[in-house]
Amino acid sequence: MPRGKPSKGKCAYCGQEVTKGGVTKHLSACPKRQAIIEKAERTRDESETLYHLRVQDAWRSEFWLDLEVRGSATLKEVDGYLRAIWLECCGHLSRFSLGGWQGQEIPKRRRVEDVFQPGVALTHIYDFGTSSETLLKMMGTRQGRSTSSRPIALMARNLMPEANCRECEQPAAWLCLECLSEEEVWGTLCDGHARAHPHSNYGEPIPLVNSPRLGMCGYEGPAEPPY
Ligand SMILES: [Zn+2]
Ligand SMILES: [Zn+2]
Ligand SMILES: [Zn+2]
Ligand SMILES: [Zn+2]
């Protein structure tokens, strides 16, 4: 993505397009979200501290998620969510740490409320070989009843970054894994050039999906939230 162009995303409550920098402001004003929060407040669920976490790929910051996570949720539940929406290819090991790769490991049984504080950023590594590195940062908290019966609610997410065909510069929808592995080229292709593409050693070109792990260790998606 060219520098300086704001990364675009979408509010999960109202569907409005938001910039990455404008998410927090939008969420606090979003009428759909307010209505859902008010509805949750009328239930008998227990009130707790809810954490707004900004999750982003450490190297490709145009991939990001804004999550509202129960303070009582464990890091294992956060790990499970990240695997489902972005990462899972073949059941690799993962870990959380403070202070990057070399930092102190934080056990997955720990609860979000015991780990996150203002200014604390966690690194999540999935797969210690072809590793995906994700940063998690606390943006704020609120006291209340979760809008989801599950540990995590998706509040906003980046839109699929635009990609151009390596042959013709038209918008691309496909990725060739052979280009990536053998030529080390980000082999994105338009429909026409995907059909005509000569490579087949790694199978046909795969559809682009909204995940920073696409193509790594053969990851193909689906890059959908688990709930
Ligand atoms: Zn909204
Ligand atoms: Zn794998
Ligand atoms: Zn093309
Ligand atoms: Zn290719």
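Cβ under 9 Å from T74's Cβ, T74 left aside: what net charge do those residues give with Lys, Arg +1 and Asp, Glu -1?
On the way: positive: K76, K108, R109, R110, R111; negative: E77, D79.
Combined, the nearby Lys, Arg, Asp and Glu give +3.
For the charge dipole of the chain, defined by +1 on Lys and Arg C-beta atoms and -1 on Asp and Glu C-beta atoms about the Cα centroid, which residue among A194, C179, N210 has the Cα displaced farthest towards the positive pole?
Looking along the dipole axis, the top candidate is N210.
Between rounded, prolate and oblate, where does region 113-225 land on the alpha carbon gyration tensor, with a ≥ b ≥ c its root eigenvalues, rounded for a/c under 1.5, else prolate if a/b exceeds b/c? Intermediate results must be reported in sequence, preceding the final value.
Details: a/c = 2.95, a/b = 2.19, b/c = 1.35.
Note, shape of region 113-225 comes out prolate.
How far apart, in nanometres, would the label points at N201 and S47 be if each is projected 7 angstrom from Cα along the Cα-to-Cβ direction?
6.2
Whole Å is fine, so just give me how far the alpha carbon centre of region 136-169 lies from that of region 213-227.
15
For G140, which sequence-distant residues (separation of 5 or more, or a different chain) have an amide H within less than 5 Å of its own amide H, given hydrogens modelled in the peptide plane?
Result for G140 returns H52.
Give the aspartates and glutamates whose C-alpha is closer than 18 Å to that of K39, dropping any in the same chain fewer than 8 places away, or say none.
E48, E68
Which ³J(HN,Hα) values, rounded to whole Hz and listed in residue order, are derived for region 163-168 from phi using the Karplus coefficients 6.51, -1.76 and 1.60 in 6.51 cos²θ - 1.76 cosθ + 1.60 with θ = phi - 60°, glycine and proline given as x?
9, 10, 5, 5, 8, 10
How large is the dipole of the chain about the Cα centre if only Lys and Arg carry +1 and Asp and Glu carry -1, each at its Cβ, rounded to the nearest 20 debye?
Working: 29 positive and 29 negative charges, 241 e Å.
Result for the chain is approximately 1160 debye, rounded to the nearest 20.
Residue by residue through region 81-88, which ³J(HN,Hα) values in whole Hz follow from phi under the Karplus form 6.51 cos²θ - 1.76 cosθ + 1.60 (θ = phi - 60°), with glycine and proline marked x?
5, 4, 4, 5, 7, 10, 10, 5
If you project the alpha carbons of the chain onto their three principal axes, what span does each projection cover, largest first, in Å?
Over the chain, Cα extents along the principal axes are 59, 39, 31 Å.
Tell me which of A153, L87, S97 sits at the most positive position along the dipole axis of region 50-168, charges placed on C-beta atoms (Lys, Arg +1; Asp, Glu -1).
Checking the options against the dipole of region 50-168, the answer is A153.
For C165, list long-range residues whose amide hydrogen, built 1.01 Å from N in the peptide plane, is under 5 Å from its own amide hydrogen.
Q170, A172, C190
By its C-alpha gyration tensor, with a ≥ b ≥ c as the square roots of the eigenvalues, how is region 90-167 shaped: rounded for a/c under 1.5, else prolate for a/b larger than b/c, else oblate? Don't skip to the answer; put the middle values down first.
Working: a/c = 1.93, a/b = 1.21, b/c = 1.59.
Taking the square roots of the gyration eigenvalues as a ≥ b ≥ c, region 90-167 is oblate.
So what J values fall out for region 129-146 if you push phi through Karplus, 6.51 cos²θ - 1.76 cosθ + 1.60 with θ = phi - 60°, rounded to Hz, Gly and Pro as x?
So the Karplus estimates, Gly and Pro as x, are x, 8, 7, 9, 10, 10, 9, 10, 10, 7, 9, x, 9, 9, 9, x, 9, 4 Hz.
Using modelled amide H (1.01 Å from N, peptide plane; none on Pro or chain starts), what sits under 5 Å from the amide H of A156, excluding residues fewer than 5 places away?
So A156 has HN proximity to A12, D66.
Provide the packing ranking of 141-154, 31-44, i.e. peptides ordered by the mean count of other C-beta atoms within 10 Å per residue, highest first. Before the final figure, lay out each step's value.
Values: 141-154: 17.2, 31-44: 12.6.
Ranking, from highest mean packing down: 141-154, 31-44.
Counting only helical runs of four or more DSSP H residues, what would the 222 nm mean residue ellipticity of the chain come to if each run contributes -39,500 (n - 2.57) and the total is spread over all its residues? Can you show the working numbers first?
Details: 6 runs with 42 residues, N = 227.
For the chain, the value works out to -4500 deg cm²/dmol.
Can you give me the angle between helix 31-41 and the longest principal axis of the chain, using Cα atoms only, in degrees from 0 to 90, rounded to the nearest 10?
Between the helix axis and the principal axis of the chain, the angle is about 50 degrees.
Could you list the GluC sites (Glu not before Pro) in region 103-164 that lie in coil according to DSSP, counting only those with at most 15 other Cβ atoms within 10 Å of their Cβ? Could you put the intermediate results ahead of the total?
Numbers: sites: E105, E113, E133, E162; in loops: E162.
Hits after loop and neighbour filter: E162.
Scaled to the compact-protein estimate 2.2 N^0.38 Å, what is the alpha-carbon radius of gyration of region 138-202, rounded to two decimal places?
Details: Rg = 19.4 Å, N = 65, 2.2 N^0.38 = 10.7 Å.
For region 138-202, the normalised Cα radius of gyration is 1.81.
Within region 97-202, which chymotrypsin sites (Phe, Trp or Tyr not before Pro) sit in a loop by DSSP and count at most 12 neighbouring Cβ atoms inside 10 Å? Please list the in-between numbers first.
Values: sites: W101, F116, Y126, F128, W174, W186, Y202; in loops: W101, F116, F128, W186, Y202.
Passing sites in region 97-202 are W101, F128.
Determine the share of the chain's accessible area contributed by carbon and sulfur atoms, expressed in whole percent, with a 1.4 angstrom probe. Before the final figure, lay out the partial values.
Details: 5780 of 11880 Å².
For the chain, the apolar C and S fraction of the accessible surface comes to 49 percent.
The values are calculated or read from the model by the stated rules, or taken from the named source; none is laboratory data. These numbers were taken from a predicted model, which means no experiment stands behind them. Don't worry about glycine lacking a Cβ; one is built from the backbone with ideal geometry, like all the others, and counts go over all protein chains shown. Keep in mind that these areas ignore ligands, DNA and RNA; they rest on the heavy atoms of the full protein, side chains included. Shrake-Rupley method; radii C 1.70, N 1.55, O 1.52, S 1.80 Å.
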